[in-house]
1. Read through the list (1) assigned to a loop (DSSP other than H, G, I, E, B); (2) surrounded by fewer than 20 Cβ atoms within 10 Å (Cβ to Cβ), then give the number of the only condition that residue 201 fails.
2. Identify, please: which residue in the range 234-248 is over 22 Å from residue 119 (Cβ atoms) and touching a residue at least 24 places away in the same chain (Cβ under 8 Å) and is, among those, surrounded by the most Cβ atoms within 10 Å (Cβ to Cβ)?
3. Looking at this structure, is residue 285 under 22 Å from residue 76 (Cα atoms), under 16 Å from the mean Cα position of the chain (by Cα), surrounded by fewer than 15 Cβ atoms within 10 Å (Cβ to Cβ) and without any contact (Cβ under 8 Å) to a residue 60 or more places away in the chain?
4. Counting just the residues of the range 54-85 that are buried (at least 23 other Cβ atoms within 10 Å of the Cβ) and not in a strand (DSSP E or B), which one comes out nearest to the chain's Cα centre (by Cα)?
5. Go through the range 23-52 and give me each residue that's outside any strand (DSSP E or B), modelled with pLDDT of 70 or more and surrounded by 12 or more Cβ atoms within 10 Å (Cβ to Cβ).
6. How many residues does the range 169-198 hold that are within 20 Å of residue 136 (Cα to Cα), in contact with a strand residue (DSSP E or B) (Cβ under 9 Å, 6 or more places away or on another chain) and assigned to a loop (DSSP other than H, G, I, E, B)?
7. Condition (residue is crowded, with 18+ Cβ neighbours inside 10 Å and outside any helix (DSSP H, G or I)) applied to the range 161-168: is it met by at least one residue?
8. Within the range 114-136, identify whether any single residue is under 18 Å from residue 44 (Cβ atoms), touching a strand residue (DSSP E or B) at 6+ places or on another chain (Cβ under 9 Å) and at pLDDT 95 or above, and answer yes or no.
């Protein structure tokens, strides 16, 4: 994940404040995400880390509660990206802080990765994490009836599958209708045939099942969606994935908004949630607006 962040930051040039940050990253022995987290204040939240939602060491989550949390605060469960083969919840403290600073209870969940598991077992993990949140988040001032999923890249895929394919939540006694909505950042929703060699074994290429694609699970009863992408994303085609899914959702009568930003790339889109990089794009403002004013069907 650190390598992907370096590529993303390296592609973002052209302003003094970003150049200064890049210089800091170049001088620091830490990874870019460690720098972002080091520049992220912890005064806006209280954190409970390493809560188990299953027996595996990867089945854990962190909860970020706003310091001034109101009763029945909205809840966002965030799944990070990393091509289903890398990532850690500890890398995304800046996401937890961003949401908590706006009065949202944030949950950042780990899930099992390849080669330990392949599709669809990481979706089972996501569903179990959501079930834990529905049962326990009231203990953290969150409202389980005001629950959203959110993800970046492969994490956006996970969120999409949980929101669109009822099989995964049904296995834990829930349904997509238990979600108020979901948010996808640069998500792959329609990516067969698979071009990325690192992703191919995750989905049993060349026999990747069509049912693994979120776009094939759109139905009229799906929860509302906010889909955001980098206009010049060279890793996940934004027109095919974000645009294609948004169009299909709207055609089915599901409220769906798709937004595209010119300055971020695939990686820095999620990094724009952090305080140092929010000038890249108003992603946080759009997420908060969606949570506060979710459209209805």
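1. Here residue 201 clears every test but (1).
2. To start, the set of residues in the range 234-248 that are over 22 Å from residue 119 (Cβ atoms) comprises 234, 238-239, 243, 246-247.
Subset that is touching a residue at least 24 places away in the same chain (Cβ under 8 Å): 234, 238.
Values: 234: 10, 238: 24.
So, considering only residues that are over 22 Å from residue 119 (Cβ atoms) and touching a residue at least 24 places away in the same chain (Cβ under 8 Å), the one surrounded by the most Cβ atoms within 10 Å (Cβ to Cβ) is 238.
3. Details: under 22 Å from residue 76 (Cα atoms): yes; under 16 Å from the mean Cα position of the chain (by Cα): yes; surrounded by fewer than 15 Cβ atoms within 10 Å (Cβ to Cβ): yes; without any contact (Cβ under 8 Å) to a residue 60 or more places away in the chain: yes.
The answer is yes for residue 285.
4. My answer is 80.
5. Passing the criteria: 31, 32, 33, 34, 35, 36, 37, 38, 39, 40, 42, 44.
6. Residues flagged as within 20 Å of residue 136 (Cα to Cα), in contact with a strand residue (DSSP E or B) (Cβ under 9 Å, 6 or more places away or on another chain) and assigned to a loop (DSSP other than H, G, I, E, B) within the range 169-198 amount to 2.
7. From the range 161-168, those crowded, with 18+ Cβ neighbours inside 10 Å are 161-165, 168; that's our starting set.
Subsequent filtering for residues that are outside any helix (DSSP H, G or I) retains 165.
For the range 161-168, residues crowded, with 18+ Cβ neighbours inside 10 Å and outside any helix (DSSP H, G or I): present.
8. There is no residue in the range 114-136 that is under 18 Å from residue 44 (Cβ atoms), touching a strand residue (DSSP E or B) at 6+ places or on another chain (Cβ under 9 Å) and at pLDDT 95 or above.
The values are calculated or read from the model by the stated rules, or taken from the named source; none is laboratory data. This structure is a prediction, so every number in the text was calculated from the model and none was measured. As a convention, Cβ positions derive from the backbone with ideal geometry for all residues, glycine included, and neighbour counts pool all protein chains shown.
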